[in-house]
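Comments concern the structure below.
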Amino acid sequence: MTGGNGRRSNRERSEETRRRLIQAARRAFAEKGYAATGTPELVAATGLSRGALYHQFPDKAALFRAVLEDAQQEVVAAIEAAADAAPDALTALRRGSRAFVAACMRPGIRRIVLIDGPAVLGWQVWREVDAAHGLGTLIAGLDALAEAGRLRPGLTVQATALLLSGALNEAALAASEGRLGHAEIGNAIDALLDGITRPA
């Protein structure tokens with residue numbers, strides 16, 4: 001919000017600085033990886049001072065977490081866009097799962113989300129971020145499947161979501177490395193989802 005004189009508030013300036021740092025860091029982490037990216041080049045890329053960087057983020061790992069969350073939000077947006085127009089919960093899961101794999105093949109997403117994410121932040125923190133984004137979306141899809149009476153008896157949403165998430169992460173890595181094709185992955189996704197679904 002700006003005042004009548006057009007000047008931005010301190011909060012707006014702070015938010016803009018944070019966004020510029022995240023964007024610059026995301027480009028660098030995607031291209032070179034976390035380990036090969038230094039904070040001086042991030043400062044130079046934004047034209048900001050080191051003080052501005054450390055005012056927003058206490059260290060490079062904290063900046064990377066913000067980048068990871070930004071990338072995860074992009075993945076979730078792709079999943080939701082694919083699933084929103086689905087006629088039923090199962091179709092939404094099929095489309096969303098395929099969209100997840102496709103999103104993870106985008107430049108930078110694979111490295112940030114699937115490779116550097118766990119390595120830089122550790123599995124516990126990476127899972128916390130994933131639970132708030134990708135895994136959370138999968139749980140919501142399975143909740144809808146259960147509410148429609150389509151989740152196979154004996155299965156819980158939480159356990160099923162964890163297993164499917166692991167399978168989709170591995171599929172995304174394999175696809176991005178060229179070890180599996182889209183058709184193979186799509187068929188496997190369908191088989192997995194058919195296995196957890198009871199007939200309509």
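The values are calculated or read from the model by the stated rules, or taken from the named source; none is laboratory data. Keep in mind it's a predicted model, so treat the numbers as computed, not measured. Cβ sites come from the backbone with ideal geometry, for glycine too, and all protein chains shown count toward neighbours. Protein only, heavy atoms only, side chains kept; ligands, DNA and RNA dropped before computing areas. Shrake-Rupley method; radii C 1.70, N 1.55, O 1.52, S 1.80 Å.
For the reader, a short list of remarks on this structure follows.
- Compactness relative to 2.2 N^0.38 Å, alpha carbon Rg of region 116-175: 1.24
- Summing charges over neighbours of residue 58, with a neighbour being any other residue whose Cβ is under 15 Å away from its Cβ, gives +3 when K and R count +1 and D and E count -1.
- Counting heavy atoms of the protein chains alone, residue 70 has an accessible area of about 30 Å² for a 1.4 Å probe.
- Accessible-area order (highest first, 1.4 angstrom probe) of the listed residues 120, 76: 120, 76
- Here the contact order of region 1-138, divided by its residue count and restricted to Cα pairs under 8 Å and six or more residues apart, works out to 25 percent.
- Neighbour net charge for residue 83 - beta-carbon separation under 12 angstrom, K R +1, D E -1: 0
- Residue-averaged [θ]222 nm for the chain, counting only DSSP H segments that reach four residues, each worth -39500 (n - 2.57): -23500 deg cm²/dmol
- Normalised by 2.2 N^0.38 Å, where N counts its residues, the alpha-carbon radius of gyration of the chain equals 1.19.
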